[in-house]
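One structure below.
The values are calculated or read from the model by the stated rules, or taken from the named source; none is laboratory data. This one's a predicted model, so the numbers in the text were calculated from it and none came from an experiment. With ideal geometry, Cβ positions are generated from the backbone for all residues, glycine too; neighbour counts draw on all protein chains shown. Remember, those area values only see protein heavy atoms, side chains included, never the ligands or the DNA or RNA. Shrake-Rupley method; radii C 1.70, N 1.55, O 1.52, S 1.80 Å.
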Amino acid sequence: MKVHIDSEICAGFGICTGIAPEVFELHPDGYAVVLVSEVAPGDEDTMRRAESQCPARAISISED
Ligand code: SF4
């Protein structure tokens, strides 16, 4: 699984960084970035929760 944030859409609410601080980090310019190239198997449900709770719908997941 890979997780991606569209920095053009992200509004910097920081909900994802609260859900998974080991995966998401707020950039000083006000958008979140992904810290990992591949999501650990144990974090997959957490990534789906972050995707569904992002108010800007800026998080997308690919299952490859
Ligand atoms: S929850 Fe969504 S809008 Fe908020 S920082 Fe994360 S990606 Fe950006």
> So what are the chain's ellipsoid semi-axes, whole angstrom, largest first, if each one is the square root of 5 times an eigenvalue of the alpha-carbon gyration tensor?
Replying inline: 17, 11, 11
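Charges at C-beta only: +1 for Lys and Arg, -1 for Asp and Glu. How large is the resulting dipole of the chain about its Cα centre, in Debye rounded to 20?
In total the dipole reaches around 220 debye.
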> Given R₀ = 30 Å, FRET efficiency for Phe13-Asp45 by Cβ-Cβ distance, to 0.05?
Replying inline: 0.90
>> Rolling a 1.4 Å sphere over the protein heavy atoms, what is the accessible area per residue of segment 2-62, to the nearest Å²?
In response: 59 Å²
> Probe 1.4 Å, all protein chains in place: accessible area of Asp6 in Å², nearest 10?
Replying inline: 50 Å²
> Where the accessible area of the chain is counted over protein heavy atoms with a 1.4 Å probe, how much of it, in %, is carbon and sulfur?
Replying inline: 49 percent
>> Can you pull out the GluC sites (Glu not before Pro) in segment 1-56 whose DSSP state is coil and whose Cβ has at most 10 other Cβ atoms within 10 Å?
In response: Glu8, Glu38
